[in-house]
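Asks: This is the structure, below, for whatever I ask next.
Coordinate-derived values only; no laboratory data. Note that the coordinates shown come from a computational prediction; the quantities given were computed from them, not determined experimentally. Please note: Cβ atoms are built from the backbone with ideal geometry, for glycine as well, and neighbour counts cover all protein chains shown.
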Amino acid sequence: ALPALHFARLPSTSPAHAARGLAAKFAAWQAVKAAAQRTAAARIDTPAAQSA
């Protein structure tokens, strides 16, 4: 079974995209970090990962 997909609209990291400040861009991109951490934690908890 595949995990559910989650989508997030993220701002460009380009400095040319000045509509949002760096702090706002950083905060928005934290969603990617959180998803990666959840995925890593889920892989550690799976039986296949434990037997490897």
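Asks: If R0 is 25 Å, what FRET efficiency do you get for residue 39 and residue 12 from their C-beta distance, rounded to 0.05?
Replies: Numbers: r = 24 Å, r/R0 = 0.95.
E(calc), rounded to 0.05, equals 0.60.
Asks: Just order 13-20, 30-37, 2-9 by mean Cβ neighbour count inside 10 Å, highest at the front, would you?
Replies: Details: 13-20: 8.9, 30-37: 10.9, 2-9: 6.5.
So the peptides 13-20, 30-37, 2-9, ranked by packing, come out 30-37, 13-20, 2-9.
Asks: Report the local net charge at residue 26: Lys and Arg +1, Asp and Glu -1, summed over other residues whose C-beta lies under 15 Å from its C-beta. Write out the running numbers ahead of the final one.
Replies: Numbers: positive: 20, 25, 33; negative: none.
So the surrounding residues net to +3.
Asks: I would also like to ask the following. Quick one: net charge of residue 13's neighbours, Cβ under 14 Å, K/R +1, D/E -1? Working shown, then result.
Replies: Working: positive: 9, 20, 25, 33; negative: none.
In short, +4.
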